[in-house]
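Visitor: Below is a structure I'd like to ask you about.
The values are calculated or read from the model by the stated rules, or taken from the named source; none is laboratory data. Since the structure is predicted, the reported quantities are computational estimates derived from the model, not experimental observations. No Cβ is skipped: glycine too gets one built from the backbone with ideal geometry, and neighbour counts run over all protein chains shown.
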Amino acid sequence: MKYYSISFGFLLILVLPLILASAQNGKYERAAYHDSYEGAAQDDQDQGQGPATYDKNDDKESEPEQNDQNYEQDGDDNAPSLDTPTLLDNLASDDLLSFGYYSKSCPKAESIINKYVAKWVEEDRTLAASLLRLHFHDCAVHGCDASILLNHEGSERTAEASKSLRGFEVIDDIKAEMEKECPRTVSCADILTAASRDATVLLGGPYWDVPYGRKDGKVSVEKDAALVPMGRENITTLIEFYQSNGLNVIDLVVLSGAHTIGRATCGSLQFRLYNYAGTGRQDESLDSRYANFLKRKCRWASEYVDLDATTPQTFDNVYYKNLQAKMGLLLTDQSLYSDPRTSPIVDALADAPSEFFNHQFAVSMTRLGNILVPAAQDGGEIRTKCYSVNSNY
Ligand code: HEM
Ligand SMILES: *[C@@H]1O[C@H](CO)[C@@H](O)[C@H](O)[C@H]1NC(C)=O
């Protein structure tokens, strides 16, 4: 109990500047469609259970926890804000992005995105997590400029590191409708950013306001996709990678919480199960029952396994409780709990009510979505098709 308050206090000190910055948020216009969200978020109550959920007590039926927090609209006082300073914000996003960006040129932009994301996710719920990941892979390379969506030869999308990315067809579908409604107006980068927010809400996660005005980049290089961490990196590498994008160690731990939903292919973790680091044994940081479950589940590298073994269908802080119980699926997940630079933050997020994680997730997602690289923005365009640059004629 004492540990709880120490680590929670520690996190509060770290995030206080963010919370304070969030308080002064009146300066941007709010999208009118903001209010129509409650309905969308609320039909997220019946959450189906995947076929093979990890079950600690083999004798007892494992039931996914219902998401008992009804979706709550964040009040204006604690909505995430652009005022949070980062290196790159100061360079670019503060000047380039705004909440009212499409209010005259394409007032229906957000509602179109929301409608199509809901339609696709209703057909295939697993797409929601995939959209969230796609947005991360976009912003983590060249900033949020939709470079991940280009599918020409040698683009990021064709890289080995991108092979399990999904959701491209959702963005293409939204873009086609958007071009009918307001041609050459709404960027693919903005569509992907809003879609990942909408997907999060549909999963039962938090809502945050997305500022708009990103341009679509014209450059996408296969080898750059390898910059995105793939799950075998050490914490130093992860922290440095985040820092290179203007994100800090709190963002690292909080955004990793996206792994509260979605799946990995066994190929991303099999190295932990057999002869880990040449030891001839499994990774010691892995709970042995959980490791046995994974060995049974992962006969093939292409097999899928839930990132959050306990509540795979629920957007909550149980991901962090899993790490405390040595049940992080990826090596990078579990390392967050073994490294002293990140473990206090894991404890704080695990021990506080889930709402605390949800709120911080919204803050860090805003920061992720605001990563802009000046070169990509200056030379950028509004694509008419998200998978290819506009032709110059
Ligand atoms: C700390 C750095 C990160 C690493 C090392 C990492 C690594 C991975 C890996 C290896 C997978 C499984 C890929 C596969 O086997 O197919 C995965 C899936 C996923 N990641 Fe991350 N990730 C990181 C950060 C993030 C962030 C910042 C987000 C979003 C905000 C995110 C969202 C997701 C989601 C939602 C999935 C599941 C995708 C699906 O079900 O299709 N990850 N991640
Ligand atoms: C982390 O990984 C990097 C890149 O593989 C390596 O150069 C570095 O020595 C590692 N650091 C630690 C502390 O293990």
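Visitor: In the set PRO211, PRO229, which member is touching a Ser or Thr at 6+ places or on another chain (Cβ under 6 Å) and either modelled with pLDDT under 95 or buried (at least 16 other Cβ atoms within 10 Å of the Cβ) (or both)?
Guide: PRO211
Visitor: State yes or no: is GLY205 within 16 Å of ligand 2 (Cβ to nearest atom), in contact (Cβ under 8 Å) with a residue 60 or more places away in the chain and not in a helix (DSSP H, G or I)?
Guide: Here the answer is no, as GLY205 does not meet what is asked.
Visitor: Does at least one position in segment 246-255 carry a residue that is within 12 Å of ligand 1 (Cβ to nearest atom), on the phi > 0 side of the Ramachandran plot and either in contact (Cβ under 8 Å) with a residue 24 or more places away in the chain or touching a helix residue (DSSP H, G or I) at 6+ places or on another chain (Cβ under 9 Å) (or both)?
Guide: No, segment 246-255 contains no residue that is within 12 Å of ligand 1 (Cβ to nearest atom), on the phi > 0 side of the Ramachandran plot and either in contact (Cβ under 8 Å) with a residue 24 or more places away in the chain or touching a helix residue (DSSP H, G or I) at 6+ places or on another chain (Cβ under 9 Å) (or both).
Visitor: Picking from ARG166, ARG184, ARG214, which residue would you name as being in a loop (DSSP other than H, G, I, E, B) and either within 16 Å of ligand 2 (Cβ to nearest atom) or out of contact with any helix residue (DSSP H, G or I) (no Cβ under 6 Å at 6 or more places or on another chain) (or both)?
Guide: ARG184 is the lone residue from the list that is in a loop (DSSP other than H, G, I, E, B) and either within 16 Å of ligand 2 (Cβ to nearest atom) or out of contact with any helix residue (DSSP H, G or I) (no Cβ under 6 Å at 6 or more places or on another chain) (or both).
Visitor: Kindly indicate whether PHE293 is among the aromatic types (Phe, Trp, Tyr), in a helix (DSSP H, G or I), within 29 Å of SER162 (Cβ to Cβ) and modelled with pLDDT of 95 or more.
Guide: So PHE293 passes the test.
Residues are listed down the side, and each one gets a yes or a no for (1) more than 16 Å from ligand 2 (Cβ to nearest atom); (2) buried (at least 18 other Cβ atoms within 10 Å of the Cβ):
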{"residue": "ASN248", "(1), (2)": "yes, no"}
{"residue": "LEU252", "(1), (2)": "no, yes"}
{"residue": "SER256", "(1), (2)": "yes, yes"}
{"residue": "THR260", "(1), (2)": "yes, yes"}
{"residue": "ARG263", "(1), (2)": "yes, yes"}
{"residue": "GLY267", "(1), (2)": "yes, no"}
{"residue": "ASN275", "(1), (2)": "yes, no"}
{"residue": "ARG281", "(1), (2)": "yes, no"}
{"residue": "SER288", "(1), (2)": "yes, no"}
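Visitor: Which of the residues spanning segment 197-225 are of a type in the set (Gly, Ala, Ser) and either over 13 Å from the mean Cα position of the chain (by Cα) or under 24 Å from ASN390 (Cα atoms) (or both)?
Guide: GLY204, GLY213, GLY217, SER220, ALA225
Visitor: Take segment 217-245 and flag every residue that is within 12 Å of ligand 1 (Cβ to nearest atom) and assigned to a loop (DSSP other than H, G, I, E, B).
Guide: Scanning segment 217-245 gives VAL228, PRO229, MET230, GLY231, ARG232, GLU233, ASN234, ASN245.
Visitor: Let me ask something else about it. Kindly indicate which of ALA161, ALA195, ALA140 is within 23 Å of LEU255 (Cβ to Cβ), within 14 Å of ligand 1 (Cβ to nearest atom) and touching a Leu at 6+ places or on another chain (Cβ under 6 Å).
Guide: ALA195
Visitor: What's the number of the condition PHE271 fails, among (1) within 12 Å of ligand 1 (Cβ to nearest atom); (2) outside any loop (DSSP other than H, G, I, E, B); (3) crowded, with 20+ Cβ neighbours inside 10 Å?
Guide: Single failed check for PHE271: (3).
Visitor: Residues in segment 217-244 that are within 16 Å of ligand 2 (Cβ to nearest atom), hydrophobic (A, V, I, L, M, F, W, C) and under 24 Å from THR158 (Cα atoms): how many?
Guide: 6
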